[in-house]
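Notes for the one structure printed next.
The values are calculated or read from the model by the stated rules, or taken from the named source; none is laboratory data. If you're wondering where the values come from, they're calculated on a predicted model, not measured in any experiment. Neighbour counts are summed over all protein chains in view; Cβ atoms, including those assigned to glycine, are modelled from backbone coordinates with ideal geometry. The protein model used for the area step is the full one, side chains on, heavy atoms only, and it has no ligands, DNA or RNA in it. Shrake-Rupley method; radii C 1.70, N 1.55, O 1.52, S 1.80 Å.
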Amino acid sequence: MKQDASRRKTLAIGLLIAAIVFTALGLAVGSEGFSLAQLRTDLAGDDASLILGQIRAPRTLGALLVGALLGLAGAISQGLFRNPLADPYLLGSAAGASLGVVMVLAAGSASGYAISLVSAQLVARVGLVTAAFFGALIGVTLTLLLARGAQHTLRLLLAGVVVGVVLSAITELLAATSADALRGKQAFMLGSTGFLGWPSVTLLAAGLCVALPVARVLSRTLDALTLGEDSAATLGLPLQKIRATLVLVLAACTGLAVSQAGLVAFVGLAAPHLVRRFAPSTHGYRVLMSAAAGGVLLLGADVLARGLIAPQELPVGVVTAFLGGGYLLWLLHRRNFA
C-alpha cells in the first residue's frame with residue numbers, strides 16, 4: 001500500500017514537472033525550432049505580445065487542454081467497457097465529426113451562384129468547429145439509439161462500430177465528390193493544434209472544468225463495474241442512469257477536443273494505460289491523472305511537431321500516432337519475449 005501511494009505521488013509530481021517544462025518549450029519554439037537566440041529576439045521585438053501572447057501561448061495551453069479532454073475520455077471509455085484498448089472514438093464520435101466537417105466543406109465548394117451564396121453563409125454561421133462538435137454528438141446519439149440506451153455494454157460497443165462504419169462510408173462518398181472536402185478531411189484526420197486561439201482555450205477549459213468533477217464523482221461506479229455487471233447491480237447503484245451520464249461526458253469531451261484539434265490519435269488510449277501501468281489505483285485517481293497525462297502527452301507531441309523540421313511543421317496527429325504506436329509495439333514485444 002505504501003509503495004502504491006508513493007508511485008501515485010511520484011506520478012503526479014512527474015506530470016506536473018513535465019507540464020511546466022513542455023509549456024516553457026511550447027512558448028520558446030518558433031519558426032527556427034528550438035533556438036534561444038530566436039526567443040530573445042522575439043521577446044525584444046515589437047511583436048513580442050503578438051507572437052507569445054496571441055500565437056504560442058494559446059496554442060500551448062490549448063494543446064494541454066485538448067490532451068486532457070482526450071485522456072479523461074479515454075479513462076472513462078476504458079472503465080466503462082472494462083477494456084484497456086478502448087479509446088474515446090469508440091462510440092461513433094470520430095466518424096460523426098468527420099462527416100460534419102466534410103458536409104460543410106462539400107457545401108462550401110458546391111457549384112452555382114445561389115448554392116455558393118447559401119453555402120458561404122452556412123460555412124460562416126456553422127463553421128467547421130461547430131460542425132465537428134455536433135457531428136460527434138450526433139454519432140454518439142445514433143449509437144445510443146441503435147443500442148437502445150446505455151444499459152448493455154456489449155450492445156453499445158457493437159452499435160458504435162456499426163455507426164462508425166456507416167458514417168465513415170458516407171464521409172468517403174461525399175469527399176470523393178469534392179476536392180475541397182477531400183483536402184479538408186485529410187487535414188482533419190491528421191489533427192492540428194495550429195488554429196487554437198484564446199476562444200478555443202476558453203471553450204476547452206470550460207468543458208474540462210465541467211467534465212472532470214462529474215467523472216470524478218461517478219468514478220466509484222467504474223470501480224464497481226470492475227467486479228462485473230451483476231455485482232455492481234447488487235450495490236444498489238442506478239447503473240443505467242450513471243452509465244448514460246458517463247457516455248454523455250465521454251461524448252462531450254471527445255466532441256469538444258475533436259472540434260478544436262481534429263482527430264488526434266492514441267492520446268486517449270495511451271494516457272490512461274500509462275497511468276494504470278505505472279500507478280495502479282481506483283478510478284477516482286485514474287481519471288484525474290489520465291487527464292493530466294493526456295495533456296502532457298499532446299503538449300509534448302505538439303512541441304516536437306513544431307520543432308523537429310522547423311520552419312516546416314508536422315501534423316501533431318502523425319507524431320502522436322508514431323509515439324503511441326511505438327509504445328504499443330514495445331508493450332507487445334515485452335509480453336512476448338519477457
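Highest first, please rank the peptides 85-98, 187-200, 264-277 by the mean number of other Cβ atoms sitting within 10 Å of their residues.
Working: 85-98: 27.3, 187-200: 18.4, 264-277: 25.6.
The peptides rank, most packed first, as 85-98, 264-277, 187-200.
Lys and Arg at +1, Asp and Glu at -1: add these up for the other residues within a Cβ distance under 15 Å of VAL247 and post the number. Can you show the working numbers first?
Working: positive: ARG82, ARG148, ARG155, LYS241, ARG243; negative: ASP87.
Neighbourhood net charge equals +4.
Provide the packing ranking of 327-334, 145-152, i.e. peptides ordered by the mean count of other C-beta atoms within 10 Å per residue, highest first.
Highest mean packing first, the order is 145-152, 327-334.
What number does segment 126-203 give for Rg over Rh if you use C-alpha atoms and the Kirkwood radius?
Computed over Cα atoms, the ratio is 1.05.
Where does each of 5-11, 201-207 land if you order them by average Cβ count within 10 Å, highest first? Intermediate values should be presented prior to the final figure.
Working: 5-11: 13.7, 201-207: 18.0.
Result, highest mean Cβ count within 10 Å first: 201-207, 5-11.
Count the net charge of all other residues whose Cβ sits under 10 Å from the Cβ of LEU237, scoring Lys and Arg as +1 and Asp and Glu as -1.
Numbers: positive: ARG220, LYS241, ARG243; negative: none.
Counting the neighbours of LEU237, the net charge comes to +3.
What is the percent carbon and sulfur in the accessible area of segment 206-338, measuring with a 1.4 Å probe over the protein chains and ignoring ligands? The partial results should precede the final answer.
Numbers: 4060 of 5970 Å².
Carbon plus sulfur share of accessible area: 68 percent.
Calculate the length of the line joining the C-alpha centroid of segment 241-304 to that of segment 196-218, in whole Å.
12
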